[in-house]
Structures are given as structure tokens and as C-alpha cells.
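Worksheet: the structure to be examined is printed underneath.
The values are calculated or read from the model by the stated rules, or taken from the named source; none is laboratory data. This structure is a prediction, so every number in the text was calculated from the model and none was measured. A quick note on method: Cβ atoms are made from the backbone with ideal geometry, for glycine too, and the neighbour counts reach across all protein chains shown. Surface areas here come from the heavy atoms of the whole protein model, side chains and all, with no ligands, DNA or RNA. Shrake-Rupley method; radii C 1.70, N 1.55, O 1.52, S 1.80 Å.
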Amino acid sequence: MQNYENAPAMISTKDLDYLSDIYNWNFNASKVACHFKENVTDGEIKDLLKRVSEMHKEHCKAVLNILS
């Protein structure tokens, strides 16, 4: 995970909109992967979808860390 200590104390409205979009894209991708994971029977595909869902959750956490 990257270090965001050098992020400015204040971000622009444009930056906030972009971060919001990034968060929403990743949140939705995580939900979709999780949904499909519950509906497949192939164990290898199920495992891959679980990892994809977790990756997108981590991206959401990274965006939240930038905003905190």
C-alpha cells in the first residue's frame, strides 16, 4: 500500500469528485465479483472472484485513507 503522508491538507472539489468516482467504481466491482462468486460452482473461478472482490475492497480502503 502506498504512503499518503504527502497528500495536501485540502483537496479540490474536482479531486474529491474523482476520488468519489474511484471509490464507487471499486465498491461496485467488489459487489459484482462477490455476487458472481456466490453463484458459480467451479472452485477455481470462485477463488478468483473472491480475490478480485478483496482487491477492490482494498482499493476502497486506500481511497478512504486518502480522504482521512
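How large a share of the accessible area of the chain, in percent, is made up of carbon and sulfur atoms when the probe is 1.4 Å and the other protein chains stay in place? It would help to have the intermediate numbers written out before the result.
On the way: 3110 of 5500 Å².
So the carbon and sulfur contribution to the accessible surface is 57 percent.
Using a Förster distance of 22 Å, how high is the FRET efficiency between ILE22 and GLU54, based on the Cβ-Cβ distance and rounded to 0.05?
That pair, ILE22 with GLU54, gives E of 0.80.
Pick out which of VAL32, VAL40, VAL52 has the largest mean-square fluctuation in a Gaussian network model of the chain, springs linking Cα atoms closer than 10 Å.
Per the Cα network of the chain with a 10 Å cutoff, VAL40 tops the list.
Calculate the spin-label point distance for VAL32 paired with LEU64, positioning each point 7 Å from the Cα along the beta-carbon direction, and give it in nanometres.
Placing both labels 7 Å along Cα→Cβ, they lie 2.2 nm apart.
Mind sorting out which of (1) 3.5; (2) 4.8; (3) 4.5 is the real mean projected area of the Cα convex hull in nm² computed from the coordinates?
(2)
So, for the chain, what is the accessible surface per residue at a probe of 1.4 Å, expressed in square angstrom?
Accessible area per residue, the chain: 81 Å².
Where does helix 43-67 land angle-wise versus the long Cα axis of the chain, in degrees 0 to 90, nearest 10?
Tilt of helix 43-67: around 10 degrees.
Provide the solvent-accessible area of ASP21, counting protein heavy atoms only and rolling a 1.4 Å probe, rounded to the nearest 10 Å².
Its accessible surface works out to 70 Å², give or take rounding.
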